[in-house]
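Shown next, in structure tokens, is the structure this report addresses.
The values are calculated or read from the model by the stated rules, or taken from the named source; none is laboratory data. Not measured: the values here are computed from a predicted model. All Cβ positions, glycine included, derive from the backbone under ideal geometry; neighbour counts span all protein chains shown.
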């Protein structure tokens, strides 16, 4: 299936640049959405009274790139021609048909970005007749007009624009100028100039629209700018806010619409992605609407507009959807696609030269030398890191990069985030001079390093040469450390032996007279053993084989191959070290270089200082290798893998390794586990009749009827039993169990299962494939259990316990992850249950008993129910706190807000309080969470909005702040009315006001609690204030 199969494409003309396109082009391409239709209606209602006085202008705000200028230019094409039949598009939003009575023109003025261009002179030149003293944008006079001079020139400009029938004046690009203004004083002065323009044009019926980006209006981000804005323009302008949701609507309706069947298929794609990327937490409805645009790409588009002024999010989306229509359905428009489209523009801007230099060096000098299998993913990751280093739309962590680039492995054995982490770690090790990394595990963040100050570092050619030299010298450190731990093993340290893998034929440590096994040190330059190699090893006389890997092996590429090696050869143990950290790698490089220098420049007789220096270096290397191979390393066999550090306890390393090798040696000498010794002799010696073979088959398969059958029928039932073991996931032993369960205690309980299963597997395989007779197989089974039926019965019970445990363990893992990820609740009963459950995790061997598993499940469900109830309650309390009036969860004082809104409509009223409440309210509304919390909590203990009861207090504080501002505003109006109390009472007597409204005004004038005002009450106050305007204005000025 392709992307085009999941969407209905709507071919349409390309979206133009509104600053350059003509009216016809804008009209032809514009998509009117519900949100933009309502905004147009609001503006048209204000222009319907042209040329009557306007009550003020508009702040038109929203993120950069959402289409503010585009909307106004689109609307302007209608204002010029009232007879245009396409006016009908506004009818759903204008039921009263409120459109201007006469045609009006629109004047768009682009405010200069450069603060050195005087704003007053520039506006005077653009609004009126240009004069020599009022230069245009290209000129930079030394001084601007004073506010008094500017105010004196504006009336002439108003008259001139009135002659041109200008009804809407749009001042655009204000935010780019604000970004460059250095001082609060300059900022405040420019706002006063804008206020003069707004207040001067309003009486002539001209609607002034100031286009400003959202970032300059947010209360929490720029309080200095916010206060200046409010003090200067708060009583002259109302606010219009355009969100990016209307872009989502355009994508979902006009570019790539989806029917119900397509939406269902896209939801299936999302579910599959979530299985591969468990932290891919985007909301399903949003994912469907944006498809095939990745949500992270969509959110980055608006941040990108601030870096590239000519970039259009909508034009990019339109082109990207067309380009992706023929791609596989699960391939989305990801960050690498976006980076490829803009990288030339980023280079041309000249602002990101040093970061792009680092990107180029990594792509050209590091990626080509990685393994071919990972080069493509490494290129994707570098593009993602480069984009996020420049755009900073989200932290470039391992988890974020994996989700944003949709990097996952088709095989289930390697988690996607681990694969990304491994590739990034190798990039970090080999290209560290171009990358900065911080953090740990999946939260480790990567960004490009400014390369302009790092030109004195070695060239990449030197770096690669050092890399190659290090790969040759590092094995010496391993050989010397291992020889110090296991003196019986003495690898060859000559130069010829270093590049190639090396093998030792030696007995197990401390077993000098025992048969010799094979110790194989694999070089990272050599390939993994082939199937032919495995056949040769299987036929070899070695009772055991130990494969020792390098910490710098490409585990992200060969991990599965190593597992298959260990499972395919019963006499093999793979010693798997941990991957070194960046600090450990650097230290090992340093120590390897020191050792190489000492060898190269060693005098005939080393001094005591030189010996002491080398001994110290060798000791440091030994500590790191001890950590990699012992404390953090693991052993892998055909049936199990386990941590060396957890198992070794206080044993010496030589004794610990010897114990595991001797176990394989004893099995080999007993003629078991694929030893290659003839089995017929064992059968003839230990089992004397067909009845005994059938008896052991019945015990093994758990089917009593086998005793009365014949060998052929018994063979079929034994093979069926083994197939059932395989289908239950038991044939692989404990390999598939989580590492957290493979504790020493757990191993003590189930090691017999793993040992016997390891011995039985080769025999069962040979029996199934016809390479071994039924009699030989039963003889091997009997010998494996030392001819003790009770031992077989005990093993069969452990098999049943483990079968139930393995079926249960996937749900157990999810429960554990839920417990670990759940936020603290502070509820004693819940936390007590959680503590008990977590304590039980330290003893996983208890869960082999079905009763203990049931108990855990019941306790977990009890915890989960209480946790979900708690989390939903506090989530709703914190994030549903500004609901509509009447909702019980709303914490906003709607009655007081309504009173403030009505009082703010009084003549000469200060709208500062109401505007502040509206701005904070917009932010609170934007941060409300509408995710299906209850549904999410069924599988994950936190909402996708990342709500944490301990940390998400800012919304509640914002609503508290809104309530405080509302009360201050109402109190402000009450104080003014109290100062004019006499005139208000006289007015009430004169107007013969009814008792109901008189009581409301009396409460307003008193010190008592406020009552809910009615519109009629405010109308009465309006008339009183109009009759006594001078007195009220004097009181208002005295309170400012």
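Okay, here's what the table says:
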| quantity | calculated |
| --- | --- |
| Matching residues in region 1018-1040 - criterion: being over 19 Å from residue 968 (Cβ atoms) and not in a helix (DSSP H, G or I) | 1028 |
| Output for region 935-967, where each listed residue is modelled with pLDDT of 80 or more and either touching a strand residue (DSSP E or B) at 6+ places or on another chain (Cβ under 7 Å) or loosely packed, with under 13 Cβ neighbours inside 10 Å (or both) | 935, 938, 939, 964 |
| Qualifying residue in region 82-93 (condition: crowded, with 18+ Cβ neighbours inside 10 Å, assigned by TED's automatic domain parsing to the domain that holds residue 211 and either assigned to a loop (DSSP other than H, G, I, E, B) or touching a helix residue (DSSP H, G or I) at 6+ places or on another chain (Cβ under 7 Å) (or both)) | yes |
| Candidates 323, 376, 348, filtered to the one that is assigned to a helix (DSSP H, G or I) and within 25 Å of the chain's Cα centre (by Cα) | 376 |
| Within region 577-592, considering residues that are in contact with a helix residue (DSSP H, G or I) (Cβ under 7 Å, 6 or more places away or on another chain) and either in a loop (DSSP other than H, G, I, E, B) or not assigned by TED's automatic domain parsing to the domain that holds residue 551 (or both), the one surrounded by the most Cβ atoms within 10 Å (Cβ to Cβ) | 577 |
| Matching residues, region 283-311, being surrounded by fewer than 21 Cβ atoms within 10 Å (Cβ to Cβ) and assigned to a loop (DSSP other than H, G, I, E, B) | 283, 306, 307, 308, 309, 310, 311 |
| Selection from region 160-185 of residues that are free of Cβ contacts under 8 Å to residues at least 12 places away in the same chain and part of a helix (DSSP H, G or I) | 163, 185 |
| Positions within region 498-513 being over 14 Å from residue 660 (Cα atoms) and in a loop (DSSP other than H, G, I, E, B), in sequence order | 499, 500, 501, 512, 513 |
| Complete set of residues in region 982-1018 that are within 18 Å of residue 1029 (Cβ to Cβ), exposed (fewer than 14 other Cβ atoms within 10 Å of the Cβ) and touching a helix residue (DSSP H, G or I) at 6+ places or on another chain (Cβ under 7 Å) | none |
| Residue selected from region 867-894 under the condition at pLDDT 85 or above and surrounded by fewer than 17 Cβ atoms within 10 Å (Cβ to Cβ), by the criterion farthest from residue 1027 (Cα to Cα) | 869 |
| Selection from region 777-815 of residues that are under 22 Å from residue 939 (Cα atoms), in contact (Cβ under 8 Å) with a residue 60 or more places away in the chain and crowded, with 18+ Cβ neighbours inside 10 Å | 809 |
| Residues satisfying the stated conditions in region 116-125, i.e. in a loop (DSSP other than H, G, I, E, B) and closer than 26 Å to residue 70 by Cβ | 117 |
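Yes/no per residue for (1) part of a loop (DSSP other than H, G, I, E, B); (2) under 30 Å from residue 302 (Cα atoms); (3) in contact with a helix residue (DSSP H, G or I) (Cβ under 6 Å, 6 or more places away or on another chain):
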residue	(1), (2), (3)
36	no, yes, yes
40	no, yes, yes
44	no, yes, no
53	yes, no, yes
65	yes, yes, yes
71	no, yes, yes
